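K.L.:
Right, I'll just put the structure down here and ask away after.
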Amino acid sequence: MSKALVVYLMAGPDTPDLAHAAVDGGADTVEIGFPFSDPLADGPVIRRAAERALAQGMRTRQCLDVLARTRERLPGTPLIPMTYSSLLEAYGWERFAEDVAASGGSSMIVADLPAGERPSLRRVQLVAPTSTDERIALAGAETDGWLYLVTIAGTTGARGELSPALPGLVERTRRLVDAPLYAGFGISTPAHARAATELADGIVVGSAALEAAEDGPEALRDFVASLRAVI
Amino acid sequence: MTAATEFGAYGGRYVPETLIPALDDLTSKWSELQRDESFRAELNELLTTYAGRPTPLTRAERFAPDKRLYLKREDLLHTGAHKVNNALGQIVLARRLGKHRIVAETGAGQHGVATATVCARFGLECVVYMGEEDMRRQQPNVERMRLMGATVMPVDFGTKTLKEATSEAIRDWIANVGTTHYLIGSCVGPAPYPEIVRELQRVIGDEAREQILAAEGRLPEAVVACVGGGSNAIGIFYGFLDDEDVRIVGVEAAGAASLGTGRAGVLHGARSSVLADEDGQIADAHSISAGLDYPGVGPEHAYLRDIGRVEYVGATDAEALAAFRDLARTEGIIPALEPSHALARARELEEELILVGLSGRGDKDLAEALRHLT
Ligand SMILES: Cc1ncc(COP(=O)(O)O)c(C=O)c1O
């Protein structure tokens, strides 16, 4: 079975074009970051991208518009907003979920809302190398579609090596969860992508995709294609 | 455990999954230690022989001639502020959790100094995140931390103050959670931190209650403290919350009034009252006092505001500076700029018998205050 490739983009005016290029290069799913001023789970690349997006006026309403326009360009691709609790708190938790769905969102990820909190908010859950078996089972039961395996104890951002914690985490999670497992955080090269997909069912590429996207849609498509070629 | 309803609708654990097991460990260790006599004994010994507790109550007769205004003198503690009460408690906790590396954030530098101090005392590695703007404003404290062996990590993005320093400290903790204890400096952050910090600071209020009863034979009519994250305030307030006749007033910096002008929001792991725009993006705070220059506040304060038990008011930079100068001239006590906000409001209250939390001393603020006063 072919492995899933999820690409993260920060919401902005050119997101529809970039998302289209990513899918052209072989992405199956696109995460769209709704920027937050204080993104605790993010390293410097995504944090800076969020700062720039906010400076360009990308607030919740604008992000939902970007989502809707991306949905028009890509009718068949799962599009998943990724953000932080503060935006939902301000917008209204239920209203946010409704408007994401109405704008074509396929689920969502809330980086600072761990499993067990607000279970009625359907979302992709995350587990980490520090998660206990009990928490992995909980996240697996609550997750929407696939489960996000955070490969490292750390924030988002490219790393030199694939995390040595991944094999153990995959092995533990397989025993407890039926959903597909996608590994993310720190995956930035074809070598990482290949190694990670030997274990997991898919990968999520964030900071490295953002860096490629800075050089435009073609550069992003080529980068995504270089990952797709090996998984 | 869903901690989301800890203080009414405030509090919770809005953090990445990576930290949840560590917060669970912290919660269970903390509740175990609270029943553990040896923990209390060890901490009390340190508070007495190392930090200098109990601190006195001083009547400020010339500062407020028409009142009976008492200062709870946390400025006399080792390291010069109430922050050491919390740092000592958490360092004992961290050692019992088996952690050998400590990470902290600091604004005014008082919490950073307190953390560097207790790490030096126990031989633990210490990393303190501090915004570049605060490093400039509180240079002497940067030197103190370094002298005691701490690594001070400058934070050069965003506001370059306490908000970003806190985010970076949390990111460090996420990356090193196996070896590291996050020694948070105020009653903010994900559960159980707000409760831990409150319990470690309530010694201020418990002592002050006994002392004012001994001095005056009655309870104060009003208790006043400055509120940044809210730790010195919650500590002194806890001595009097059940005394319905005691008016309790928290004083925020006018440009950082998370409770006065904020809205419900999520910052640094907790739902509380925060300075944010209508989209939930955190706004910049502005205060001359680095320790109050923070757009969030402890969730329990938001709760105490909503139930009407505590009033929260503001004081401007200029009002705080005037009180800073006046206390120095009339009492020979140089307060920190943070409690100068409390002094500014306290002397205007209609009540006669007033207790003010003097949370720290002003040595760290001399350069910044003199720049504005001359
Ligand atoms: C002397 C002093 N008072 C008050 C504060 C504000 O913190 P909190 O509101 O947690 O007491 C600080 C913070 O640095 C401080 O140094």
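The values are calculated or read from the model by the stated rules, or taken from the named source; none is laboratory data. Predicted model, so just to flag it, every value in this text is computed and none were measured. With ideal geometry, Cβ positions are generated from the backbone for all residues, glycine too; neighbour counts draw on all protein chains shown. Heads up: the accessible areas ignore ligands, DNA and RNA and are worked out on the full protein's heavy atoms, side chains in. Shrake-Rupley method; radii C 1.70, N 1.55, O 1.52, S 1.80 Å.
K.L.:
Right, residue B:115: closer than 16 Å to residue B:293 by Cβ, open to solvent by less than 20 Å² (accessible area, probe 1.4 Å) and at pLDDT 95 or above or not?
P.N.:
Considered against the rule, which asks whether it is closer than 16 Å to residue B:293 by Cβ, open to solvent by less than 20 Å² (accessible area, probe 1.4 Å) and at pLDDT 95 or above, residue B:115 comes out as no.
Residues checked against (1) under 17 Å from the mean Cα position of the chain (by Cα); (2) within 14 Å of chain A (Cβ to nearest Cβ); (3) away from the ligand (no atom under 11 Å from the Cβ):
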{"position": "B:85", "(1), (2), (3)": "yes, no, no"}
{"position": "B:88", "(1), (2), (3)": "yes, no, yes"}
{"position": "B:102", "(1), (2), (3)": "no, no, yes"}
{"position": "B:106", "(1), (2), (3)": "yes, no, no"}
{"position": "B:118", "(1), (2), (3)": "yes, no, yes"}
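K.L.:
Output the number of the condition that residue B:131 fails; it satisfies all remaining conditions of (1) modelled with pLDDT of 95 or more; (2) more than 16 Å from the ligand (Cβ to nearest atom).
P.N.:
Evaluating residue B:131 over (1) modelled with pLDDT of 95 or more; (2) more than 16 Å from the ligand (Cβ to nearest atom) leaves (2) as the failure.
K.L.:
Something else about it: Does residue B:74 count as under 22 Å from the mean Cα position of the chain (by Cα) and either buried (at least 17 other Cβ atoms within 10 Å of the Cβ) or more than 14 Å from every other protein chain (Cβ to nearest Cβ) (or both)?
P.N.:
Yes: the conditions hold for residue B:74.
K.L.:
Let me ask another. So the check is Cβ under 7 Å with 6+ separation or different chains; which pairs have a first residue in the range A:87-103 that's open to solvent by 20 Å² or more (accessible area, probe 1.4 Å) and a second one that's modelled with pLDDT of 95 or more and of a type in the set (S, T, N, Q)?
P.N.:
From residues that are open to solvent by 20 Å² or more (accessible area, probe 1.4 Å), the pairs are A:91/A:60.
K.L.:
Mind checking which strands (runs of 3 or more DSSP E) fall wholly inside the range B:263-374 and carry at least 1 residues that are within 16 Å of the ligand (Cβ to nearest atom) and away from chain A (no Cβ under 14 Å)?
P.N.:
Output list reads B:311-315, B:353-358.
K.L.:
While we're on this one: Those residues that are within 15 Å of the ligand (Cβ to nearest atom) and aliphatic (A, V, I, L, M), I need them from the range B:179-194; list them, please.
P.N.:
Residues satisfying the conditions are B:183, B:184, B:188.
Yes/no matrix, rows are residues, columns are (1) touching a Leu at 6+ places or on another chain (Cβ under 9 Å); (2) away from chain A (no Cβ under 14 Å); (3) within 20 Å of residue B:206 (Cα to Cα):
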| position | (1), (2), (3) |
| --- | --- |
| B:8 | no, yes, no |
| B:11 | no, no, no |
| B:15 | yes, no, no |
| B:27 | no, no, no |
| B:32 | no, yes, no |
| B:41 | no, yes, yes |
| B:47 | yes, yes, yes |
| B:51 | yes, yes, yes |
| B:54 | yes, yes, yes |
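K.L.:
Now for a different question. Can you give me the number of residues within the range A:129-140 that are within 11 Å of chain B (Cβ to nearest Cβ), within 24 Å of residue A:105 (Cβ to Cβ) and in contact with a helix residue (DSSP H, G or I) (Cβ under 9 Å, 6 or more places away or on another chain)?
P.N.:
Going through the range A:129-140 one residue at a time, the tally reaches 1.
K.L.:
Mind telling me which of the residues A:195, A:158, A:165, A:219 ends up being within 18 Å of the chain's Cα centre (by Cα) and among the aliphatic types (A, V, I, L, M)?
P.N.:
A:158
K.L.:
While we're here: Can you tell which of A:170, A:177 is in contact (Cβ under 8 Å) with a residue 40 or more places away in the chain, of a type in the set (Val, Ile, Thr), farther than 28 Å from residue B:168 by Cβ and away from chain B (no Cβ under 13 Å)?
P.N.:
On inspection, the qualifying residue turns out to be A:177.
K.L.:
Taking the range A:144-165 only, how many residues are away from chain B (no Cβ under 14 Å) and buried (at least 22 other Cβ atoms within 10 Å of the Cβ)?
P.N.:
Summing the residues that are away from chain B (no Cβ under 14 Å) and buried (at least 22 other Cβ atoms within 10 Å of the Cβ) in the range A:144-165 gives 2.
K.L.:
Same structure, new question: Could you check how many residues of the range A:98-109 are within 14 Å of another protein chain (Cβ to nearest Cβ) and in contact with a strand residue (DSSP E or B) (Cβ under 6 Å, 6 or more places away or on another chain)?
P.N.:
Qualifying residue count, the range A:98-109: 1.
K.L.:
Every residue in the range B:138-155 that is modelled with pLDDT under 95 and open to solvent by 20 Å² or more (accessible area, probe 1.4 Å), please.
P.N.:
B:139, B:140
K.L.:
Among the residues of the range B:215-256, which ones are open to solvent by less than 10 Å² (accessible area, probe 1.4 Å), more than 11 Å from the ligand (Cβ to nearest atom) and either within 14 Å of chain A (Cβ to nearest Cβ) or of a type in the set (A, V, I, L, M) (or both)?
P.N.:
Scanning the range B:215-256 gives B:222, B:223, B:224, B:246, B:248, B:249.
K.L.:
If you scan the range A:14-72, which residues turn out to be open to solvent by 40 Å² or more (accessible area, probe 1.4 Å), more than 14 Å from every other protein chain (Cβ to nearest Cβ) and not in a helix (DSSP H, G or I)?
P.N.:
Result: A:14, A:28.
K.L.:
While we're here: Of the numbered conditions (1) under 11 Å from the mean Cα position of the chain (by Cα); (2) open to solvent by less than 10 Å² (accessible area, probe 1.4 Å); (3) within 11 Å of another protein chain (Cβ to nearest Cβ), residue A:113 satisfies every one except a single condition; which is it?
P.N.:
Result: residue A:113 fails condition (1) only.
K.L.:
Something else now. Return yes when residue B:36 is facing another protein chain (nearest Cβ under 9 Å) and open to solvent by 10 Å² or more (accessible area, probe 1.4 Å) and no when it is not.
P.N.:
no
K.L.:
In addition: Restricting attention to the range B:311-345, which residues are of a type in the set (Lys, Arg) and surrounded by 20 or more Cβ atoms within 10 Å (Cβ to Cβ)?
P.N.:
B:345
K.L.:
Could you check residue B:159 against (1) more than 15 Å from residue B:111 (Cα to Cα); (2) within 15 Å of the ligand (Cβ to nearest atom); (3) modelled with pLDDT under 95; (4) among the β-branched types (Val, Ile, Thr) and say which number it fails?
P.N.:
(2)
K.L.:
If you don't mind, there's one more thing I want to ask. Do we have any residue at all in the range B:300-310 that's closer than 12 Å to residue B:228 by Cβ, crowded, with 19+ Cβ neighbours inside 10 Å and within 20 Å of the chain's Cα centre (by Cα)?
P.N.:
yes
K.L.:
Still on this structure, I have one more. Please note which helices (runs of 4 or more DSSP H) are completely contained in the range A:168-231 and include at least 3 residues that are open to solvent by 30 Å² or more (accessible area, probe 1.4 Å).
P.N.:
A:190-199, A:217-228
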